[in-house]
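One structure is given below, encoded as structure tokens.
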Amino acid sequence: MNEFYNKLQKQLERMTEKEKDSWILSQAKILPDWKQEDFYKSICGTKKIISMPEQDDIKTFCEKVKNGDIFVEYETHYVEFDDYGHFHDDWEHDFYDPEHAMSFISSVISGCHDLCVLEEYEDAFKILDDIIRLEFVIVDHPDTDDTCADEYMDLDMAIHERILELNRDDLLKDYIKSCREHSKNQDYVAEKIVDAFEMTLFRNCKTDYCITITEKDPLLTELKMRLEEEQKRLEKEFCEKSKQDKYYWDEFRDRERIRHISTLVEYFSICDKWK
């Protein structure tokens, strides 16, 4: 990227203003109609990423999701025999995205990555902090034979149900990077990062890829302290629930949360020994 950027910069220095204008106008001429306004806004400086929805549109989208105006539909049917005539005897289900919300989310996340490349970290973080926490209301499809057991669909569930595709590791990496660059308040940054690590969306992400910690990084101590506190809190809650009911409903989920946090504590403890 640096080599390309330097080569481009040298070429621009060799070009006259008239040549630059001519090139811009020639590119504008071959744009499809639906891209022209975005291109114009980019030239004006009001839109940083051409292929990314505008911030007002993103804000409106998030509000509609939270209010239940943008939702996903659930349809299920009992299937006695499959398409090949074999006895199936099971329920099959599908989720639908009538408002194309997942495509919108994909373009926003891609745009936030580009914002990070441009070092526009504040905008990237604020947008990602809202996007990764979205939960869609699940409504019944008119033809469904039953209701979904879940009331809401988060991004983790959307990926699992294959109506959303994204790279979790890259998303978490951009989220952490933009958070760290956006704020120098280590306590706030550590809180946000630990909260993200605890989300099911990022439960299996590669820690060493998503965050770079050096032996002298002041964030390291904050992260380790917060993770240890969270581990103690979860273990205490688990013990209290186990006393009331040895095999309670969410036992497996709670064990997995404790295991995940313990793994993170161990990872950052190893980093701490580098000091």
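The values are calculated or read from the model by the stated rules, or taken from the named source; none is laboratory data. Since we're looking at a predicted model, the values are computed, not measured. Note that we place each Cβ from the backbone using ideal geometry, even for glycine, and neighbour counts take in every protein chain shown.
Tabulated values for the structure
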item	result
Residue within segment 121-142 that is at pLDDT below 95 and part of a loop (DSSP other than H, G, I, E, B) present	no
Where residue 40 falls short, out of the listed (1) of a type in the set (Ser, Thr, Tyr); (2) over 30 Å from the mean Cα position of the chain (by Cα); (3) not assigned by TED's automatic domain parsing to the domain that holds residue 134	(2)
Every residue from segment 59-83 that is in a strand (DSSP E or B) and either more than 21 Å from the chain's Cα centre (by Cα) or of a type in the set (Gly, Ala, Ser) (or both)	73, 74, 75, 76, 77, 78, 79, 80, 81
Some residue of segment 72-89 being in contact (Cβ under 8 Å) with a residue 24 or more places away in the chain, more than 21 Å from residue 165 (Cα to Cα) and in contact with a helix residue (DSSP H, G or I) (Cβ under 9 Å, 6 or more places away or on another chain)	no
Residues of segment 105-154 that turn out to be hydrophobic (A, V, I, L, M, F, W, C) and within 16 Å of residue 64 (Cβ to Cβ), as a count	10
Unmet criterion (only one of (1) in contact with an Asp or Glu (Cβ under 8 Å, 6 or more places away or on another chain); (2) free of Cβ contacts under 8 Å to residues at least 40 places away in the same chain; (3) over 27 Å from residue 170 (Cα atoms)) for residue 144	(2)
Options 223, 172; residue that is in a helix (DSSP H, G or I), touching a residue at least 40 places away in the same chain (Cβ under 8 Å) and crowded, with 19+ Cβ neighbours inside 10 Å	223
Pick from segment 233-249, criterion surrounded by 11 or more Cβ atoms within 10 Å (Cβ to Cβ) and under 25 Å from residue 192 (Cβ atoms), ranking: nearest to the chain's Cα centre (by Cα)	234
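A quick yes/no check of all residues on (1) touching a residue at least 40 places away in the same chain (Cβ under 8 Å); (2) under 22 Å from residue 112 (Cβ atoms); (3) surrounded by 11 or more Cβ atoms within 10 Å (Cβ to Cβ); (4) not assigned by TED's automatic domain parsing to the domain that holds residue 98:
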{"position": "8", "(1), (2), (3), (4)": "no, no, no, yes"}
{"position": "15", "(1), (2), (3), (4)": "no, no, yes, yes"}
{"position": "20", "(1), (2), (3), (4)": "no, no, yes, yes"}
{"position": "27", "(1), (2), (3), (4)": "no, no, no, yes"}
{"position": "34", "(1), (2), (3), (4)": "no, yes, no, yes"}
{"position": "45", "(1), (2), (3), (4)": "no, yes, no, yes"}
{"position": "54", "(1), (2), (3), (4)": "no, yes, yes, no"}
{"position": "68", "(1), (2), (3), (4)": "yes, no, yes, no"}
